[in-house]
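Shown next, in structure tokens, is the structure this report addresses.
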Number of protein chains: 2
Amino acid sequence: MAQELFLYETLCEQLAARIRRGGFAPGERLPSVRVLSKTFGVSVNTTIQSLHKLEMDGYIEVRERSGAYVREQLPAIGLSANLSHFPVLPVEVSLSDEILHYMEPYALSQALHLGIALPDASLMPVEKVMRLWRDASRRHTRTLWDYSHPNGLPLLTRQLALRSMGHEVAIADNDILVTNGCMEAIELALRAVTRPGDVVAVESPTYYGSLLALEVLGRRALEVPTHYRDGICLYSLEQAFRRGQVKACIVSCNVQNPLGYVMSTERKRRLVQLSSQYQVPLIENDIWGDTAYGGDTPPAKAFDHSGMVIYCNSFSKSLMPGLRLGWVAGGRFHDRLRELKQISSITTAAGPQLVMARFLESGGYAQHLVQLRAALHRQVGEALELVRQAFPPGTWVHPPEGGCVLWVRLPEHRDSRKLFQQALDDGIHIFPGSVFSVGPRHVDFMRLNVGSALTPEVREKIRRLGGLAAELQ
Amino acid sequence: MAQELFLYETLCEQLAARIRRGGFAPGERLPSVRVLSKTFGVSVNTTIQSLHKLEMDGYIEVRERSGAYVREQLPAIGLSANLSHFPVLPVEVSLSDEILHYMEPYALSQALHLGIALPDASLMPVEKVMRLWRDASRRHTRTLWDYSHPNGLPLLTRQLALRSMGHEVAIADNDILVTNGCMEAIELALRAVTRPGDVVAVESPTYYGSLLALEVLGRRALEVPTHYRDGICLYSLEQAFRRGQVKACIVSCNVQNPLGYVMSTERKRRLVQLSSQYQVPLIENDIWGDTAYGGDTPPAKAFDHSGMVIYCNSFSKSLMPGLRLGWVAGGRFHDRLRELKQISSITTAAGPQLVMARFLESGGYAQHLVQLRAALHRQVGEALELVRQAFPPGTWVHPPEGGCVLWVRLPEHRDSRKLFQQALDDGIHIFPGSVFSVGPRHVDFMRLNVGSALTPEVREKIRRLGGLAAELQ
């Protein structure tokens, strides 16, 4: 194979080969990180990355406060070898046909929707918001009627800025631009800092919407290995930055979709530092951040001393997708973002802005988040248990730290794209893992939305899905 | 000059030279179109285009049902020669700095806004719409809350389709995609049918928003001469199509901005025929169509038998800009438009769609249009008289057939960009003509929005503007 390997990948291959040869027996505990580093003459960081990869590839199991143990059942060789390599070269994105195919069933009203990631409206303060909606039509008629300021309503930008008040680097009212949801924010950011043909670094796996945006805008993607607990591999990312080919990087540090991790403060800080050091703008998608079970957690933007982070967010996941209300804090790129926004959609509708400004101001949103996080945490925990019971042995699933999706790996590299079709025939809509990366990766994963209450009917469907997975060839 | 001239331009130059030499005296009636055609050995069409251009260049005056007469005062030579040539070559668009500079004062609350084109809210059924807004929050809570169908709410697309029922070619519900205003529709259309570097034909003058979209998307513009009464020159357009370089064409057939004409049915039909014959998609911007004083008038889309017209519209001018509600009927390009929409903003907010669906269904919108058209017609007529009184002799202004803007030519090639600054110092915001084309054309024109009631204060300001124009060097 002509592909260049990162150092950690080489080490990972050596360890895997040793395990296969019986150099480490099933169930045996591997030497400590310190010992391995010394043995192989690499840094502690590289060793940790190697262990992460070995774990994801199914060779070892990491037990909290105990160490890394060789798994009893090793992964099949053929597929694993294909899946374990990340390209060092950027690639054109061409996923839209596949993704739109998998999204199509969302319009089916009868299906059980485990596909699109979204908490159910029953978890939301619908009546409160509707009262604010009516109120706006009485008290702010003129504001509702007209084009609003291109930045957004000052009432709202003030409230959004206030939310970052406790951060190391706070966002000012004037740094904010209100958008039609988070996708418009991300697209504006990409257009502001990159040109057609440019390379953008992305997590792998990552939210398919980011990949689609790259495809439509003709930007190429460089996939960076991303760990389900620690996030994007900073070592690989720095290598890519150092080569100087990457013009921007899209990341999620809080409740990443689909993995559900929250990056440590130290790693967020390091990420921003890399962005600043190599002058590569960071496009931060924080759409799920408000659903972190542990409560408010700072985004990378909170450590952005040099204005290189373009922070994108919306209320579509934490409150109401129908508002279509997002926002972007563009740091040093704000003026360009504003120009692009004025040109492509002039301004954002005032109605949703008024509603949200009032909801934030009244403290209603903060109160809602406390309840939402608790509800999602409980619900996702139950769903996780159910998946563990209902799916075939060898299925892997890790508790997320927020949101309402589970990233599930089928055993023995079974193909989730086949499961998609069989599930659909049974009225269940899931998202296969393949759409979360550019290459043919993650095909044995799937993303399950468990944002709806686990009624007996939903439980039955998830059991049925597990049964189908067990029967899958 | 290395620029290639069209046949009609050559003829126009010959006639202009003859007028300058005294071959036709001031006040003299020119020979008929038929006689001129025979004399110069060109088609009737070419002669008519030449006369249009001579008229726009200030050499002749066309009197209804009487003929073309040489003007008493001929235009200055230097500037006219520069202005009268249209490039045969497409050009990169680079207008955004200039346009954003001229838009900036819109945010000044104290200024008199003759810049942005918009009928005043006092002409609109604000209370009726606000009642529908409140109603939607009670009766359609769930619809408001969620992502809606990517095409838009069926309730609305049904009503939009019904509006074309009487047309030769009607639009079906499924052909429609709801957007965030008309600009999103136009941008989606451009992205669907062209690529970076492609050439797009535009009217000259045309709405600056279309030019900005070309700039941001990296498409080049080919300006096509456009007559203030007849619209885009079909002869020039066909030449451009024939050369095979044009990948799309943006046009307005009804109440074009800034010229205000309504194209004849015959010319609309011919335009669509050209588009079909040369397989060049037509992006039709019909945002002002509903304000035609003469009542409902079919767009080019009404004659689109082959699906080559991408029809864009919104309710921002005819009702409420704050709705941010537009739509596009993409003909054979619908599926691609829908994909692009799903990627860039997922769906359009349901709230405004519900409000508008109900307003259309109840007949309230049709009733509103009758009143709006009458009010605008009256108001624009009064403003036109005022401009004729208040501005210096030699000022040219033609009654538009709809909408609320006047396209005013200052005498003796005075530069409206200077007037912009002087007017702004007096608290009056206007739009100079230069932003309505890519090249340095139309600099002696300006666009005046007269969408607000002509209160004594507004009248006073317009008189003041006329005074400034008279003093302009």
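Does region B:172-181 contain at least one residue that is surrounded by fewer than 16 Cβ atoms within 10 Å (Cβ to Cβ) and of a type outside the set (D, E, K, R)?
Yes, some residue in region B:172-181 is surrounded by fewer than 16 Cβ atoms within 10 Å (Cβ to Cβ) and of a type outside the set (D, E, K, R).
Could you tell me whether A:I116 is more than 19 Å from A:V355 (Cα to Cα), part of a loop (DSSP other than H, G, I, E, B) and within 11 Å of another protein chain (Cβ to nearest Cβ)?
yes
Do we find that A:E104 is within 11 Å of chain B (Cβ to nearest Cβ), under 22 Å from the mean Cα position of the chain (by Cα) and either assigned to a helix (DSSP H, G or I) or modelled with pLDDT of 75 or more (or both) in this structure?
yes
Is it the case that B:G451 is in contact with an Asp or Glu (Cβ under 9 Å, 6 or more places away or on another chain) and either at pLDDT below 95 or crowded, with 19+ Cβ neighbours inside 10 Å (or both)?
For B:G451, the condition - in contact with an Asp or Glu (Cβ under 9 Å, 6 or more places away or on another chain) and either at pLDDT below 95 or crowded, with 19+ Cβ neighbours inside 10 Å (or both) - is met.
Consider A:R270 against the criteria (1) of a type in the set (K, R); (2) surrounded by 21 or more Cβ atoms within 10 Å (Cβ to Cβ); (3) farther than 26 Å from A:L376 by Cα: it satisfies all of them except one. Which criterion is unmet?
Checking A:R270 against (1) of a type in the set (K, R); (2) surrounded by 21 or more Cβ atoms within 10 Å (Cβ to Cβ); (3) farther than 26 Å from A:L376 by Cα, the one that fails is (2).
Which one is farthest from the chain's Cα centre (by Cα) among residues in region A:142-175 that are more than 25 Å from A:S306 (Cα to Cα) and at pLDDT below 90?
Among those residues, the one meeting the criterion is A:R142.
Take region B:119-148 and flag every residue that is outside any helix (DSSP H, G or I) and touching a Ser or Thr at 6+ places or on another chain (Cβ under 7 Å).
B:D120, B:Y147, B:S148
Which residue out of B:L406, B:L419, B:L424 is assigned to a helix (DSSP H, G or I) and surrounded by 20 or more Cβ atoms within 10 Å (Cβ to Cβ)?
B:L419 is the lone residue from the list that is assigned to a helix (DSSP H, G or I) and surrounded by 20 or more Cβ atoms within 10 Å (Cβ to Cβ).
Which numbered condition trips up A:E184, out of (1) of a type outside the set (K, R); (2) touching a helix residue (DSSP H, G or I) at 6+ places or on another chain (Cβ under 7 Å); (3) not in a helix (DSSP H, G or I)?
It is condition (3) that A:E184 fails.
Quick one: B:E361 ticks every box in (1) at pLDDT below 95; (2) farther than 21 Å from B:P258 by Cβ; (3) acidic (D, E) except a single one, so which number is it?
For B:E361, the failing item is (1).
Given the criteria of a type outside the set (A, V, I, L, M, F, W, C) and either part of a helix (DSSP H, G or I) or facing another protein chain (nearest Cβ under 10 Å) (or both), does A:H167 qualify?
no
Is it the case that B:G152 is in contact (Cβ under 8 Å) with a residue 12 or more places away in the chain and at positive phi?
In short, yes.
Identify, from the list B:S276, B:S204, the residue that is more than 14 Å from chain A (Cβ to nearest Cβ), surrounded by fewer than 24 Cβ atoms within 10 Å (Cβ to Cβ) and modelled with pLDDT under 95.
Answer to the selection: B:S204.
Specify which of the listed residues (A:L386, A:L354) is within 14 Å of another protein chain (Cβ to nearest Cβ), surrounded by 18 or more Cβ atoms within 10 Å (Cβ to Cβ) and in a helix (DSSP H, G or I).
Exactly one of A:L386, A:L354 is within 14 Å of another protein chain (Cβ to nearest Cβ), surrounded by 18 or more Cβ atoms within 10 Å (Cβ to Cβ) and in a helix (DSSP H, G or I), namely A:L354.
Test A:V380 against the stated conditions and say whether it is within 22 Å of the chain's Cα centre (by Cα), β-branched (V, I, T) and within 14 Å of A:N449 (Cα to Cα).
Yes, satisfied.
Looking at B:G152, is it surrounded by 23 or more Cβ atoms within 10 Å (Cβ to Cβ) and more than 10 Å from every other protein chain (Cβ to nearest Cβ)?
yes
Do any residues in region B:123-145 that are within 7 Å of chain A (Cβ to nearest Cβ) have Cβ atoms under 9 Å from those of residues that are surrounded by 18 or more Cβ atoms within 10 Å (Cβ to Cβ) and polar (S, T, N, Q), where the two are at least six apart or on different chains, and which pairs are they?
Between residues of region B:123-145 that are within 7 Å of chain A (Cβ to nearest Cβ) and residues that are surrounded by 18 or more Cβ atoms within 10 Å (Cβ to Cβ) and polar (S, T, N, Q), the close pairs are B:M130/A:S137; B:W133/A:S137; B:R134/A:S137; B:S137/A:S137; B:L144/B:S137.
Hey, among B:P393, B:P399, which residue is away from chain A (no Cβ under 14 Å), surrounded by fewer than 18 Cβ atoms within 10 Å (Cβ to Cβ), over 20 Å from the mean Cα position of the chain (by Cα) and not in a helix (DSSP H, G or I)?
B:P393
Results for (1) of a type in the set (A, V, I, L, M); (2) farther than 30 Å from B:L340 by Cβ, shown as yes or no for each residue.
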position: A:M130; (1), (2): yes, yes
position: A:R142; (1), (2): no, yes
position: A:L162; (1), (2): yes, yes
position: A:V169; (1), (2): yes, yes
position: A:V200; (1), (2): yes, no
position: A:S204; (1), (2): no, no
position: A:A213; (1), (2): yes, no
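Collect the residues in region A:297-325 that are away from chain B (no Cβ under 14 Å), free of Cβ contacts under 8 Å to residues at least 40 places away in the same chain and not aliphatic (A, V, I, L, M), keeping them in residue-number order.
Answer for region A:297-325, where residues must be away from chain B (no Cβ under 14 Å), free of Cβ contacts under 8 Å to residues at least 40 places away in the same chain and not aliphatic (A, V, I, L, M): A:S306, A:G307.
Taking B:D175, is it over 19 Å from B:G326 (Cα atoms), out of contact with any Asp or Glu (no Cβ under 7 Å at 6 or more places or on another chain) and more than 8 Å from chain A (Cβ to nearest Cβ)?
no
Give A:R195, A:R138, A:R191 a once-over and let me know the one that is assigned by TED's automatic domain parsing to the domain that holds A:I283, crowded, with 16+ Cβ neighbours inside 10 Å and either of a type in the set (D, E, K, R) or more than 23 Å from A:A302 (Cβ to Cβ) (or both).
A:R191 is the lone residue from the list that is assigned by TED's automatic domain parsing to the domain that holds A:I283, crowded, with 16+ Cβ neighbours inside 10 Å and either of a type in the set (D, E, K, R) or more than 23 Å from A:A302 (Cβ to Cβ) (or both).
Would a scan of region B:330-338 turn up a residue that is touching a helix residue (DSSP H, G or I) at 6+ places or on another chain (Cβ under 8 Å), at positive phi and modelled with pLDDT of 95 or more?
yes
Filter region B:327-346 down to residues that are closer than 20 Å to B:T143 by Cα and surrounded by 24 or more Cβ atoms within 10 Å (Cβ to Cβ) and give me whichever is nearest to the other protein chains (Cβ to nearest Cβ).
Ranking the candidates gives B:S345 first.
The values are calculated or read from the model by the stated rules, or taken from the named source; none is laboratory data. As the structure is a prediction and not an experimental result, all values here were calculated from the model. Ideal geometry is used to build each Cβ from the backbone, glycine not excepted, and the neighbour counts take in all protein chains shown.
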